[in-house]
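Chemist: This is the structure, below, for whatever I ask next.
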Amino acid sequence: MEPFVECLGASREVGRSAFLLHTDKNIMLDYGIKIFDQSGVPKFPLETPLDPDLVVLSHAHLDHSGCLPAIYRENRVRWYSTPPTKDICEVLWMDSMKIMGEGLPYHLGHLNKAMKNWDPLLYKRPIETGETRIELFDAGHISGAAMIDVQYRDMDFFYSGDFKCEPTQMHKGAKPVEDVDVLMIETTYAKKEHPPRKETEKKLMEEIYETLENGGNALMPSFALGRTQELISLIRHHDKNVPVYVDGMGKALTKIYLDHGGYIQDASTFRKAARSVSMVASPADRKAAVREPSVIITTAGMLNGGPVMDYMFNANRNSKLIFTGYCVEGTNGWTLQHDGYITKDEQQLTVDLPIEYLDLSAHAGRSDLLKFIKKANPEKLLLVHGDNPQEFAKEMKEEHGFDALAPLPGERVML
């Protein structure tokens with residue numbers, strides 16, 4: 001049978017990335033969940049009659065990894081990722097089970113089976129299985145994030161996962177690939193350009209200084225994975241002395257970042273930065289954080305639970321909420337920014353704090369997506385992980401001459 005890819009998720013949507021690539025092996029590329037769906041119920045990958053021979057994860061974010069333990073309800077296949085991805089996954093999966101419980105299609109036994117069936121796959125250290133060769137490249141997204149290159153006979157299939165080309169405090173940018181046959185690429189920001197990073201960092205520090213000078217707390221709702229570590233590094237890069245408190249699951253993930261220093265840009269500098277901040281470990285620490293003008297970096301980034309909910313109502317009136325990540329529609333973060341309230345314990349509550357949004361995205365913006373695609377120069381271009389990639393596919397076809405497709409959920413694309 002000729003090679004093909006089945007699109008089991010992240011097709012004309014963001015979330016539940018899952019693609020089964022058929023060569024002489026069935027290779028599952030990512031197996032995630034969509035937590036924030038408009039239906040209010042999490043969505044999982046579509047079913048396929050094909051059993052995977054192996055799984056390769058691009059990175060640990062739950063929309064790419066969160067359903068992988070479910071594979072071990074019936075299979076005992078090996079799964080591959082970088083070492084930090086494996087360690088981060090274990091933390092995120094355990095946390096998901098606490099929060100979602102029976103809403104997940106797996107339980108602790110499946111998770112434990114998954115952990116026993118992991119094999120490491122390092123950047124630029126290819127493996128071969130049958131006639132298929134698999135190699136990972138640094139995606140510049142979070143610790144251990146990888147772009148996946150699959151070569152089979154005379155076909156070169158390249159899956160970007162989530163990636164960022166512009167360097168950040170924590171990561172070097174992803175390097176474009178040249179001349180592939182098939183490029184499957186994320187399109188999260190196909191219609192948006194990110195502002196210059198240095199200007200955004202400068203603006204962030206100005207907001208922090210202004211808030212602290214007014215006697216308030218710069219309260220920063222942050223994703224535990226990636227954003228918490230970037231903010232620690234960024235703030236310490238610009239100021240060694242401003243008081244910084246870190247709360248929530250970001251603490252455990254920061255330790256994993258430090259355990260795998262080779263997967264960040266400057267492990268020594270980040271270690272000093274992490275040691276210089278106060279890791280909140282008790283209610284007394286939380287009181288201390290709001291007692292003085294300080295920066296508080298805490299989960300959850302979209303205000304759906306986490307310590308941030310307590311901080312919002314305990315910080316003084318001179319404090320400010322500073323968002324640095326996108327909030328999905330329907331989350332408390334989105335509702336607060338657009339409608340001025342949050343929902344807690346089924347009650348709508350007004351938050352009397354000023355709000356600022358600064359774009360520190362860990363995804364490639366529009367111009368970098370275009371550069372990446374043109375450099376790769378694929379014969380077939382598959383656009384995924386976007387809210388409306390069909391528009392981008394039309395543009396790439398009509399204006400740039402690519403054989404571009406935004407696959408439908410469940411579609412099998414012959415390669």
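The values are calculated or read from the model by the stated rules, or taken from the named source; none is laboratory data. Every value quoted in this text rests on a predicted model; they were computed, and no experiment measured them. Methodologically, a virtual Cβ is constructed for each residue, glycine included, from the backbone with ideal geometry; neighbour enumeration extends over all protein chains shown.
Chemist: If you take the residues in the range 179-207 that are closer than 23 Å to residue 391 by Cβ and polar (S, T, N, Q), which one is surrounded by the most Cβ atoms within 10 Å (Cβ to Cβ)?
Modeler: 187
Chemist: Output the number of the condition that residue 401 fails; it satisfies all remaining conditions of (1) surrounded by fewer than 16 Cβ atoms within 10 Å (Cβ to Cβ); (2) in a helix (DSSP H, G or I).
Modeler: Residue 401 satisfies all of (1) surrounded by fewer than 16 Cβ atoms within 10 Å (Cβ to Cβ); (2) in a helix (DSSP H, G or I) except (2).
Chemist: Can you say whether residue 167 is touching a Pro at 6+ places or on another chain (Cβ under 8 Å) and not basic (Lys, Arg), as far as the supplied structure shows?
Modeler: Working: touching a Pro at 6+ places or on another chain (Cβ under 8 Å): no; not basic (Lys, Arg): yes.
For residue 167, the condition - touching a Pro at 6+ places or on another chain (Cβ under 8 Å) and not basic (Lys, Arg) - is not met.
Chemist: Here are some conditions: (1) part of a loop (DSSP other than H, G, I, E, B); (2) of a type in the set (A, V, I, L, M); (3) assigned by TED's automatic domain parsing to the domain that holds residue 273. Residue 205 meets all but one. Which one does it not meet?
Modeler: (1)
Chemist: Next question, about the same structure. Restricting to strands (runs of 3 or more DSSP E) lying wholly in the range 6-125: which have 2 or more residues that are more than 25 Å from residue 331 (Cβ to Cβ) and touching a Ser or Thr at 6+ places or on another chain (Cβ under 8 Å)? Spell out how you get there, then give the answer.
Modeler: On the way: elements: 18-22, 26-31, 54-56, 78-81, 118-120.
Strands (runs of 3 or more DSSP E) meeting the threshold: 26-31, 54-56, 118-120.
Chemist: Those residues that are of a type in the set (Gly, Ala, Ser) and modelled with pLDDT of 95 or more, I need them from the range 326-351; list them, please. Even if it seems obvious, please write down each step before you answer.
Modeler: To start, the set of residues in the range 326-351 that are of a type in the set (Gly, Ala, Ser) comprises 330, 333, 340.
Answer for the range 326-351, where residues must be of a type in the set (Gly, Ala, Ser) and modelled with pLDDT of 95 or more: just 333.
Chemist: Looking at 189, 123 in this structure, which one is farther than 26 Å from residue 359 by Cβ and of a type in the set (Phe, Trp, Tyr)? Spell out the reasoning first.
Modeler: Numbers: 189 fails: farther than 26 Å from residue 359 by Cβ.
None of the others qualify; the one that does is 123.
Chemist: If you take the residues of the range 119-133 that are within 24 Å of residue 225 (Cβ to Cβ) and touching a residue at least 24 places away in the same chain (Cβ under 8 Å), which of them is surrounded by the most Cβ atoms within 10 Å (Cβ to Cβ)?
Modeler: Checking each candidate, the answer is 121.
Chemist: So, in the range 64-92, how many residues would count as being over 21 Å from residue 263 (Cα atoms) and of a type outside the set (S, T, N, Q)? First the steps, then the outcome.
Modeler: To start, the set of residues in the range 64-92 that are over 21 Å from residue 263 (Cα atoms) comprises 66-78.
Restricting the remaining residues to those that are of a type outside the set (S, T, N, Q) gives 66-74, 76-78.
Matching residues across the range 64-92 total 12.
Chemist: If residue 265 satisfies all but one of (1) within 27 Å of the chain's Cα centre (by Cα); (2) not in a loop (DSSP other than H, G, I, E, B), what's the number of the condition it fails?
Modeler: Result: residue 265 passes all but (2).
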